[in-house]
Amino acid sequence: MNIPLTIKETQDGLKSKKFSAVELVDAYFSQIKKYNDEYNIFLTLTEDSAYKKAKEADKILSNKDIEILSEKPLIGVTASYKDIFLTKGVRTTAGSNILNNFIPPYSATSVLKMENAGAITIGKANCDAFAHGASGENSDYKATLNPWNKSYVPGGSSSGSAASVSANMSLVSLGSDTGGSVRQPASFCNLVGLKPTYGAISRYGVIAMSSSLDTVGTFAHTIDDIEIIFDVLRGQDGFDGNVIDFEKKSFDKNSKIKLGVAKEYFGKGLDSEVEGKIEEAIKIYERLGVEIVEVSLPHTKYGVSVYYIIQPAEVSSNLGRFDGIRYGNDRSFFGDEAKRRIMLGSYVLSAGYYDAYYEKALKVRTKMVEDFNRVFSHVDAIISPVSPSTPFKLGENASNPLKMYLEDVYTTTANIVGIPGLSVPFGFSKNELPIGFQLLGPRFSEHRLFEIGRMFHKEINYKPRVAL
Ligand code: GLN
């Protein structure tokens with residue numbers, strides 16, 4: 001069978017009995033059996049529970065009980081989870097050797113919300129260990145390959161999540177975005193990726209990387225699907241004190257949308273093909289009647305520096321829980337990247353350096369928040385690149401941490417200031433690798449970003465595509 005690429009097509013097919021949920025799950029697992037060993041996308045598969053859940057879905061659908069269905073907006077939707085989401089009774093490694101045998105006693109709120117809405121868990125996706133990375137190569141297991149071309153990285157750190165969706169091994173996936181780890185792999189794998197507002201989705205049960213930056217993000221083929229999942233996931237659960245419930249904000253019918261273009265986002269280091277593609281997207285928006293406004297975010301240039309102070313500081317604190325008493329006294333279990341971040345973080349927090357690095361970074365963080373507040377007082381959203389380049393080759397940046405960190409230049413700002421960012425797929429480069437652009441909006445403006453992204457996809461008659 002041809003696997004459908006949207007939630008609606010999946011559910012229409014199930015309701016009209018074109019295929020059953022069991023057949024659908026068969027199709028995903030046969031794709032996994034064919035390609036997983038080659039592409040290293042899943043670390044753990046949950047085949048038995050997936051079939052059980054599929055049988056339940058078929059039973060619910062045969063009842064035709066509309067009321068049950070309205071409570072199950074994700075019925076029949078297969079989902080994978082980055083392996084830092086706790087899944088009760090199912091191994092969760094965080095991509096690290098330290099947690100090689102860890103079986104969580106409870107599930108993350110977002111996993112439970114997905115499953116309660118009817119989603120079928122396929123398995124746990126590979127990732128950079130503890131979510132440190134931008135390529136998937138920091139996984140303590142094998143590096144995930146990009147399904148569009150296996151000589152290239154799929155992006156990271158949610159490498160397996162993005163690859164699972166673009167390789168047609170799962171319809172949707174959850175990842176985490178602390179500095180770009182959903183938006184960048186989405187853009188490298190031809191997917192839509194959402195990094196929500198800090199405080200929109202509970203992180204309960206997601207292994208912490210950097211607590212003032214971490215968010216739960218989503219991958220899917222279309223913006224409609226991202227919106228469905230976002231509405232399932234958002235809101236308080238009582239376990240993440242930052243999360244608030246909020247009302248959906250839409251544009252008035254007659255309002256003219258204003259899109260900001262920040263000159264600081266088109267600096268040196270931006271690949272000319274990516275730049276050309278963003279310019280093309282801006283022209284399409286102009287054609288759609290959107291007003292393009294040049295804006296300035298002067299503190300953006302400090303984004304990567306601020307991020308690589310605050311983030312390792314918080315990493316060094318969060319990874320402190322993996323102590324020798326409980327996890328074995330062999331610290332060599334930590335990979336090089338985790339060790340590098342623990343050292344950097346301990347350094348910037350140490351007496352004597354705290355003021356010069358950590359405290360200074362917090363001050364610049366406030367300046368960056370002020371920049372964005374000022375800009376969002378006169379534009380609805382900002383359009384920018386996601387990554388300075390198209391997917392890079394496996395091994396190309398792996399031995400140069402600084403080069404790898406610069407990969408995050410366009411994505412870290414959203415985490416530093418706590419705003420949402422949507423990665424929108426938009427075609428391919430000359431060498432047939434995916435390119436996307438990013439929409440950034442004020443806090444809790446996700447639904448408006450969906451509208452702005454959707455009008456673009458409608459205009460170019462966007463059709464989702466899978467790699468394998
Ligand atoms: N590439 C960034 C880093 O290595 C982002 C990681 C993330 O968002 N989890 O820190």
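All of the numbers you see were taken from the coordinates with simple rules; none came from a lab. Worth saying up front: this structure is predicted, and the values here are computed from it rather than measured. Don't worry about glycine lacking a Cβ; one is built from the backbone with ideal geometry, like all the others, and counts go over all protein chains shown.
So, with +1 on the Cβ of K and R and -1 on the Cβ of D and E, and no other charges, what is the size of the charge dipole of the chain about its Cα centre, to the nearest 20 debye? Before the final figure, lay out each step's value.
Values: 54 positive and 55 negative charges, 25 e Å.
I would put it at about 120 debye.
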Checklist entry - So, in nm, how far is label residue 231 from label residue 116 when the simple model puts each one 7 Å beyond its Cα toward the Cβ? => result 1.7
Next on the checklist: Quick check: net charge around residue 38, other residues with Cβ under 14 Å of its Cβ, Lys/Arg +1 and Asp/Glu -1?
Outcome noted: +3
Next on the checklist: Assuming 0.36 nm per residue, please report the length gained on full extension of the stretch residue 2 to residue 431 beyond their Cα-Cα distance.
Outcome noted: 151.8 nm
Checklist entry - With the dipole of the chain worked out from charges on the C-beta (+1 for Lys and Arg, -1 for Asp and Glu) around the Cα centre, which of 108, 97, 60 lies farthest toward the positive end? => result 60
Item to check | Full-stretch length increase - residue 363, residue 254 - with 0.36 nm per residue and alpha-carbon distance subtracted | outcome: 35.3 nm
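Counting other beta carbons within 10 Å of each Cβ, put 317, 30 in order, fewest first. Could you put the intermediate results ahead of the total?
Numbers: 317 16, 30 13.
Final ranking by Cβ density, sparse to dense: 30, 317.
Under unit Cβ charges (Lys, Arg +1; Asp, Glu -1), what dipole magnitude, rounded to 20 debye, does the range 68-155 have relative to its Cα centre?
Numbers: 8 positive and 6 negative charges, 30 e Å.
Using only the charged Cβ atoms, the result is roughly 140 debye.
Over the range 28-163, what portion of Cα pair distances is larger than 19 Å, expressed as a whole percent?
Values: 4725 of 9180 pairs.
Pairs farther apart than 19 Å: 51 percent.
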Checklist outcome for this item: For the chain, the charge dipole (Cβ of Lys, Arg +1; Cβ of Asp, Glu -1; about the Cα centre) points to a positive end, and the Cα of 171, 229, 246 closest to that extreme belongs to 171
Checklist outcome for this item: Computed over the range 108-196, the distribution of all Cα-Cα distances in 10 Å bins, rounded to whole %, is 20, 52, 26, 2
Item to check | Translational D in µm²/s for the range 190-275 (Stokes-Einstein at 25 °C, 0.890 mPa s, Kirkwood Rh from C-alpha pairs) | outcome: 155
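Rank these for me by crowding, 209, 169, going from fewest to most other beta carbons within 10 Å. Walk me through the numbers on the way to the answer.
Details: 209 25, 169 33.
Going from sparsest to densest Cβ surroundings: 209, 169.
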Item to check | Around residue 241: net Lys/Arg minus Asp/Glu count, Cβ-Cβ under 14 Å | outcome: -3
Checklist outcome for this item: Rounded to the nearest 5, the percent of DSSP beta bridges in the chain running antiparallel is 60
Item to check | Derived scalar couplings ³J(HN,Hα) [the range 437-448; Karplus, 6.51 cos²θ - 1.76 cosθ + 1.60; whole Hz; x for Gly, Pro] | outcome: 10, 10, 10, 10, x, x, 3, 6, 9, 3, 5, 6
Checklist entry - Computed over the Cα atoms of the range 91-131, what is the ratio Rg over Rh, Rh following Kirkwood? => result 1.01
Next on the checklist: Can you work out the Karplus-derived ³J(HN,Hα) for every residue in the range 289-299? Use 6.51 cos²θ - 1.76 cosθ + 1.60 with θ = phi - 60°, whole Hz, and x for glycine or proline.
Outcome noted: x, 7, 8, 9, 10, 6, 10, 10, 10, x, 8
Checklist entry - Sequence-distant or interchain residues sharing an amide H contact under 5 Å with residue 44, placed H: which? => result 124
Checklist entry - How compact and how long is the chain, expressed as Rg and Dmax of its alpha-carbon atoms in Å? => result 20.9, 68
Checklist outcome for this item: So, over other residues within a Cβ distance under 11 Å of residue 148, counting Lys, Arg +1 and Asp, Glu -1, the net charge is +1
Item to check | Leading residue at positive end of dipole, the chain (Cβ point charges), from 298, 151, 75 | outcome: 75
Checklist entry - What is the calculated FRET efficiency for residue 459 to residue 325, with r their C-beta to C-beta distance and R₀ = 45 Å, to the nearest 0.05? => result 0.20
Item to check | For the range 142-149, 3J(HN,Hα) per residue [Karplus equation, 6.51 cos²θ - 1.76 cosθ + 1.60, θ = phi - 60°, Hz, x = Gly/Pro] | outcome: 8, 5, 6, 9, 6, x, 7, 6
